[in-house]
1. May I ask you to list the lysines whose Cα is less than 27 Å away from that of LYS347, ignoring any residue fewer than eight positions away on the same chain?
2. Please give every one of the aspartates and glutamates within straight-line cross-link reach of LYS116, meaning a C-alpha to C-alpha distance under 12 Å, and leave out same-chain neighbours fewer than 8 residues apart.
3. Could you tell me whether region 212-257 comes out rounded, prolate or oblate from its Cα gyration tensor? Rule is a ≥ b ≥ c as square roots of the eigenvalues, rounded for a/c under 1.5, then prolate if a/b exceeds b/c, otherwise oblate.
4. Rounded if a/c is under 1.5, else prolate if a/b is larger than b/c, else oblate: which is region 83-131, with a ≥ b ≥ c the root eigenvalues of its Cα gyration tensor?
5. Using only the Cα atoms of region 115-180, build the gyration tensor, take square roots of its eigenvalues as a ≥ b ≥ c, and label the shape rounded, prolate or oblate: rounded if a/c is under 1.5, else prolate if a/b is larger than b/c, else oblate.
6. Starting from the Cα of LYS220, draw a straight line to each of the lysines and keep only those under 17 Å, dropping any in the same chain fewer than 8 residues away.
7. Let me check against my output: what whole-number percent is the relative contact order of region 145-295, with C-alpha pairs under 8 Å and at least 6 apart?
8. Using alpha-carbon positions, what is the distance between the centroids of region 30-46 and region 215-275, in Å?
Amino acid sequence: MLKTFNYFIYVTAFIFLTSCSSEDSEPELEFVDFEMTISEVEFTSANIRMSGRYSSENSMLLYREKNSNDSYQSIPLEGFYATLTGLEKATTYEVKVEVSNNSNSLDSETYYFTTKAVEIDYEKLLSDDLVGYINNAEMFAHGNKKIVIHAEGLSDYTDVALYLVNEDRTDSLKMTSTIVADSLSFTIPEDFVSQSPREEFKKMYIGLEINDTYQYLLNKHAWINQISGHTVSGDDGLLKLKIFNTKPNIKSLTVVGPYDSGCFNYTKLHFIGEYLGYWDEYYWTPESASINIYDANGELYVSLLQDYDNYTTECGKLYLSIVSQQVLDEGLFRYHQRNVATAEIYKMLDGDYTAQLTFNFSDGQLPVESNIFEFTVE
């Protein structure tokens, strides 16, 4: 009887020890210095790369749309690389790694990425047709200028918004935009650049929001590098829209004369500033320019007109010109503006005056007036 009892105790102890040994042999679940990098995110796919160490006996990559209550989709992990396919465009996903054994599981930190929404056609946006409007980092513009962005797949979406974002990313303005097929167009407001106090220009990023995505447009430098397989990271690769103040602006005055020869007894008033020029291919080409000069009592003293198509050499005229061929503004010829308005006035009396330039257009645009400039002739 005692032998039988001892044998029972031995078998029971053997089974218990075997069971404990089996439990102790399960792999430990852990993530050590684990990080996930998500790259080459396209419309419906993304590449996943992991670093560090994790329990690889039974490991899965789990993913689903962000903030979704749906179950995770999963793919088995073999090593430190994986590719997700069959994703939805313009959608944010959450992804993590799960390791498990027979009784427990452990999840890594959750990571997020957003699939591409559209393919911007930078060749059209930054083409050679825009010579004089772009450099490697910026596109030049002005109030009332219409800008068109072509993007493959844009017509697939209804939730689209475009923003102009300041350089510090502290403020943005949602633009009124129109979508036709795969093109989005917007017009810069006429009063976008301040007149009081006068701003010479503003620099803005262009942000495009589609569903879950938000992307800034690239500049020419980044686009060219992208074509050759290189990436320009950070703000250095983002397009800045440099919006010039094209409202005519008289800054200063030089008085010459009166002359004793040529235009006898005519005083030349050289108003130095920034004015709409005579350039056929540009938006701000006026049909004519005029200047009104008022005396100290506010009475009209003289009014002169320049018709750009009928230049005259007669005395007593108004003409706009460029003082120096060296006047450049980041590759642009004063943004295609004249910088001197000369008024020839016969036997001009000494006194206090005000002057204002007006530019008229033949294409339906409203007249544009300069600031009112006060001056004295002595």
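1. Cα-Cα hits under 27 Å: LYS251, LYS268, LYS317.
2. GLU40, GLU42, GLU88, GLU152, GLU209, ASP212
3. Prolate.
4. Since a/c reaches 1.5 and a/b is larger than b/c, the shape of region 83-131 is classed as prolate.
5. oblate
6. Leaving aside lysines fewer than 8 places away in the same chain, those within reach of LYS220 are LYS124, LYS203, LYS240, LYS242.
7. That works out to 17 percent.
8. One Cα centre to the other: 45 Å.
Coordinate-derived values only; no laboratory data. Worth saying up front: this structure is predicted, and the values here are computed from it rather than measured. Cβ: placed from backbone, ideal geometry, glycine included. Neighbour counts: every protein chain shown.
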